[in-house]
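Input: a single structure, listed below in structure tokens.
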Amino acid sequence: MKILVLNSGSSSLKYQLIDSDTEQVLAKGIAERIGIADGGKIKHEAASKGKVEVEVDMPNHQNALDYIFALLTDPANGAIRSIEEISAVGHRVVHGGEKFADSIRVDEETINEIDKISSLAPLHNPSNLKGIRACMRLMPGVPQVAVFDTAFHATMPNYAYIYALPYKYYTHYGVRRYGFHGTSHRFVTRQAQKMLQEMGFDPDATKIITCHLGNGCSMAAVKGGKVVDTSMGMTPAEGLVMGTRAGDLDPAILIHLSRELGASIDDIDNIINKKSGLLGITGVSSDMRDVENAAAEGNQRADLALSIFCYRIKKYIGAYAAAMGGLDAIIFTGGIGENSRAVRQRVCRDMEFLGIELDEEKNDTLRGKADISKPSGKVKILLVPTNEELMIARETSHVVEAAD
Ligand code: ADP
């Protein structure tokens, strides 16, 4: 079946049309500057038809979808003759709270529930809902499926997700660890389980650490295919150093900064989410390629940023090996995880005591799905390219077929 996968942001809409039987991407693109007075643009590409860019103003998500549908069905640039060929739409929804541990077909009640969770993800859930509502209006009767970024982490035990705050903040306000990037962690876990099975491991007993390192970064400890801990928390701000996020901090720093700088809550939000991480340490860029280049040119702070970034990952590997009582494999994914030889090399350095032995040559040369560990290493180090859109398409067809 043909599935439209949508990632609806506040002013953008990313889409992929995927044939769930062949798992081929038939068309994809992004609509940008939705709801912004001018400069609206859709970048669109259908398989074997090349790229097109259309400049259109899109006052809202429904307008954007109208244009996207026109492009998808355009004889010159499209991939289908009619929108009726789309059997279902899979929506990325950032926060599923405690309510949604699985992907679900959306109805009015689900929309209300996702809306209720919006206080936990005020920047994301309302935007995700705009995409869902627009699709429900434009294609009534076509199943809409919500796939949650938090869902894969729903198997965490309570001692991993409860913060040591007064308990009522959990019961009354939902303050707990939820974790994010779950769709990516799930995708690479399933791929890795297959790879490990071929190497003789029992996939239902594997102890895996997944490292999703992109602009946002998170890790998960996955035992027998189920998450037992993850580095992002109630929001994506916790855990690893990221492009512009600080990750783990002494919470009292925020109080101190507020007093010292007279910083407001919004200022603090901006500092920890937008001004910190690689950007904050280097003052150069939030992009790992720029940071690596600057470090290679002798920029000390860029080198320090790399060290802090990798040291944090190393500490989580130690913690998660302890949490799972052992370790069979580390998975690297995301733009940095898949491409940065230097990061993988620094993370795996001096980790032989845990059975982690990186094969430097494989690390330098292999791309795509690959085992880059030395045969003597007890722990497999795997490169697994992520594909969140495909995972959403798989989940969507699964939900639709299960209902039939
Ligand atoms: P997002 O989280 O937005 O999906 P990506 O997964 O594409 O982002 O990751 C973006 C990050 O990957 C950026 O920091 C970028 O510099 C980094 N990256 C991409 N290619 C390379 C590379 N060849 N070497 C080092 N870092 C890379």
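The values are calculated or read from the model by the stated rules, or taken from the named source; none is laboratory data. Since the structure is predicted, the reported quantities are computational estimates derived from the model, not experimental observations. For neighbour counting, all protein chains shown are included, and Cβ atoms are generated from backbone atoms with ideal geometry for every residue, glycine included.
Just checking: which of the strands (runs of 3 or more DSSP E) contained wholly in the stretch 4-106 hold 3 or more residues that are among the hydrophobic types (A, V, I, L, M, F, W, C) and surrounded by 15 or more Cβ atoms within 10 Å (Cβ to Cβ)?
Fully inside the stretch 4-106 and qualifying: 12-19, 24-32, 86-93.
Is one or more of the residues making up the stretch 247-269 buried (at least 21 other Cβ atoms within 10 Å of the Cβ), hydrophobic (A, V, I, L, M, F, W, C) and touching a helix residue (DSSP H, G or I) at 6+ places or on another chain (Cβ under 8 Å)?
No, the stretch 247-269 contains no residue that is buried (at least 21 other Cβ atoms within 10 Å of the Cβ), hydrophobic (A, V, I, L, M, F, W, C) and touching a helix residue (DSSP H, G or I) at 6+ places or on another chain (Cβ under 8 Å).
Of all residues in the stretch 14-72, count the ones that are of a type in the set (V, I, T) and under 18 Å from E84 (Cβ atoms).
Final tally of qualifying residues: 2.
Of the numbered conditions (1) surrounded by 17 or more Cβ atoms within 10 Å (Cβ to Cβ); (2) in a helix (DSSP H, G or I), K116 satisfies every one except a single condition; which is it?
(1)
I'd like to verify a number: residues in the stretch 282-302 that are outside any helix (DSSP H, G or I), acidic (D, E) and either within 14 Å of the ligand (Cβ to nearest atom) or crowded, with 18+ Cβ neighbours inside 10 Å (or both), how many?
Step one: list which residues in the stretch 282-302 are outside any helix (DSSP H, G or I), which gives 283-287, 297-299.
Keeping just the survivors that are acidic (D, E) gives 287, 297.
Those still in the list that are either within 14 Å of the ligand (Cβ to nearest atom) or crowded, with 18+ Cβ neighbours inside 10 Å (or both) too: 287.
Result for the stretch 282-302: 1.
Go through the stretch 145-257 and tell me which helices (runs of 4 or more DSSP H), entirely inside it, have 1 or more residues that are at pLDDT 95 or above, at negative phi and within 16 Å of the ligand (Cβ to nearest atom).
182-198
Could you tell me whether the stretch 364-378 includes any residue that is modelled with pLDDT of 95 or more, touching a Pro at 6+ places or on another chain (Cβ under 8 Å), closer than 17 Å to T210 by Cα and surrounded by fewer than 18 Cβ atoms within 10 Å (Cβ to Cβ)?
yes
Just one of (1) touching a residue at least 40 places away in the same chain (Cβ under 8 Å); (2) more than 16 Å from the ligand (Cβ to nearest atom); (3) surrounded by 17 or more Cβ atoms within 10 Å (Cβ to Cβ) trips up G325, so point out which.
(3)
Would you please list the contacts, defined by Cβ atoms under 9 Å and residues six or more apart or on different chains, that run from a residue in the stretch 265-281 that is over 16 Å from F309 (Cα atoms) and part of a helix (DSSP H, G or I) to a residue that is more than 14 Å from the ligand (Cβ to nearest atom) and hydroxyl-bearing (S, T, Y)?
Qualifying pairs under 9 Å: I265/S258; D267/S258; I268/S258.
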